[in-house]
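**Q** After the structure tokens below, expect a handful of questions from me.
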Amino acid sequence: MSRDAAQALLLAASAIALSGMSAPPKGDITVSITNMRSSEGVVRACITKDRNTFPNCRKDPAAMRKVVDAGESVPLTFTGVEAGAYAIALLHDENDNGKADRTLGMMPKEGFGFSRDARVRMGPPSFDDAVFDFDGTDAALTIRMRYML
């Protein structure tokens, strides 16, 4: 067998083997947000696999972000999410200025919430406190909004 024929055979075998491999499953994650104190502004949400950028996903180019109008019942959906371990962070941006407002530079003035209802102590929760496993099939989560003031 010639060298070209052998390479062609190897490429064909590789293509057949790879065609048997499927892409990771992708599904939707729908989040129901509860305990909103007002329908003012918007809810900003992000979902990330990157523990180093959580809860502020801006530095994670792979993070998915959503902005929805605030209201009494606020559903939002992340679509086409691959299976994996994720954490979600929410901000009730009541004045819709694109940032988390604080009083005296520390205490959040607006609402926030995290997957697994991760608690806030002396700062935001860790990725490990908020992380959940997603198997790629459609899922529904509930996140409770919290307010410090």
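**Q** Inspect region 41-49 for any residue being exposed (fewer than 13 other Cβ atoms within 10 Å of the Cβ), without any contact (Cβ under 8 Å) to a residue 60 or more places away in the chain, over 14 Å from F127 (Cβ atoms) and not basic (K, R) and give the result as yes or no. Give the derivation first.
**A** So in region 41-49, the residues exposed (fewer than 13 other Cβ atoms within 10 Å of the Cβ) come out as none.
No, region 41-49 contains no residue that is exposed (fewer than 13 other Cβ atoms within 10 Å of the Cβ), without any contact (Cβ under 8 Å) to a residue 60 or more places away in the chain, over 14 Å from F127 (Cβ atoms) and not basic (K, R).
**Q** Looking at region 43-75 only, could you name the residues that are aliphatic (A, V, I, L, M) and closer than 14 Å to A89 by Cα? Steps first, answer last, please.
**A** Residues of region 43-75 aliphatic (A, V, I, L, M): 43, 45, 47, 62-64, 67-68, 70, 74.
The answer is V43, A45, I47, A63, M64, V67, V68.
**Q** Count, please, the residues in region 58-74 that happen to be loosely packed, with under 15 Cβ neighbours inside 10 Å and of a type in the set (D, E).
**A** Result for region 58-74: 2.
**Q** Considering each residue of region 31-51, count those that are modelled with pLDDT under 95 and either closer than 12 Å to A87 by Cβ or aromatic (F, W, Y) (or both), and give that number.
**A** Qualifying residue count, region 31-51: 0.
**Q** Could you say whether any residue in region 85-98 is surrounded by fewer than 19 Cβ atoms within 10 Å (Cβ to Cβ), over 16 Å from R44 (Cα atoms) and modelled with pLDDT of 95 or more?
**A** Checked region 85-98: at least one residue is surrounded by fewer than 19 Cβ atoms within 10 Å (Cβ to Cβ), over 16 Å from R44 (Cα atoms) and modelled with pLDDT of 95 or more.
**Q** I've got another one for you. Kindly provide the set of residues from region 125-149 that are at pLDDT 90 or above, over 25 Å from A83 (Cβ atoms) and out of contact with any Asp or Glu (no Cβ under 7 Å at 6 or more places or on another chain), ordered by number. Step through it out loud before you land on a result.
**A** Kept after step one, since they are at pLDDT 90 or above, are these residues of region 125-149: 125-147.
Still in the running and over 25 Å from A83 (Cβ atoms): 144-147.
Selection gives M145, R146, Y147.
**Q** Is it fair to say V131 is more than 14 Å from the chain's Cα centre (by Cα), closer than 18 Å to I29 by Cβ and not charged (D, E, K, R)?
**A** Numbers: more than 14 Å from the chain's Cα centre (by Cα): no; closer than 18 Å to I29 by Cβ: yes; not charged (D, E, K, R): yes.
Answer is no for this residue.
The values are calculated or read from the model by the stated rules, or taken from the named source; none is laboratory data. Just so it is clear, the model here is predicted, and its values are computed rather than measured. Every residue, glycine among them, receives a Cβ derived from its backbone with ideal geometry; neighbour counts consider all protein chains shown.
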